[in-house]
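A.B. asks: Structure below; questions to follow.
The values are calculated or read from the model by the stated rules, or taken from the named source; none is laboratory data. These figures come from a predicted structure and were not determined experimentally. Note that each Cβ is placed from the backbone with ideal geometry, even for glycine, and that neighbours are counted across all protein chains shown. Keep in mind that these areas ignore ligands, DNA and RNA; they rest on the heavy atoms of the full protein, side chains included. Shrake-Rupley method; radii C 1.70, N 1.55, O 1.52, S 1.80 Å.
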Amino acid sequence: ITGKKSDHCVRITDFGLARSVDHFMTSVAGSSLYMAPESDTGLLDTKLDMYSAGLILIELLSNCSDDVKGKLEYAKIDIFPKPFEEEVAFALPTVRNLLSEEPSVRPSSEDLLNIISKWVRHNYTFSRLF
């Protein structure tokens, strides 16, 4: 939660590829599993990262189990395992938007933070997932 100290703060980093937002991106780098569909087109902007965030969100909501990693490819084509769909139904619209092939549909990082903050305020229970 922005501006507040919290014991429940998740940070995901990969400083090996990190660049400032105002830095002009000229090439694609990273794990191919997490790359947005438009990665090879030269359309390089922050919406690429939001696609990856959608896949990472699936992992976080699924406790990052090895079997989920194999299912990420299915998630890219909008196929989710039944238990995941049922237990995190509240998250599916956001995940689907993040994984949209159309970058303009993907929320910004600020929008995603607001969405996740609402989940926390509504006290969604994640305990069955972990």
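A.B. asks: Checking the condition assigned to a loop (DSSP other than H, G, I, E, B) and either surrounded by fewer than 17 Cβ atoms within 10 Å (Cβ to Cβ) or in contact (Cβ under 8 Å) with a residue 40 or more places away in the chain (or both), which residue from 110, 101 passes?
C.D. replies: 101
A.B. asks: Checking the condition open to solvent by 60 Å² or more (accessible area, probe 1.4 Å), more than 20 Å from residue 110 (Cα to Cα) and at pLDDT 70 or above, which residue from 49, 78, 45, 67 passes?
C.D. replies: Selected residue: 78, the only one of 49, 78, 45, 67 that is open to solvent by 60 Å² or more (accessible area, probe 1.4 Å), more than 20 Å from residue 110 (Cα to Cα) and at pLDDT 70 or above.
A.B. asks: What is the number of the single condition among (1) of a type in the set (Asp, Glu); (2) touching a helix residue (DSSP H, G or I) at 6+ places or on another chain (Cβ under 6 Å); (3) modelled with pLDDT under 90 that residue 101 does not meet?
C.D. replies: The failed condition is (3).
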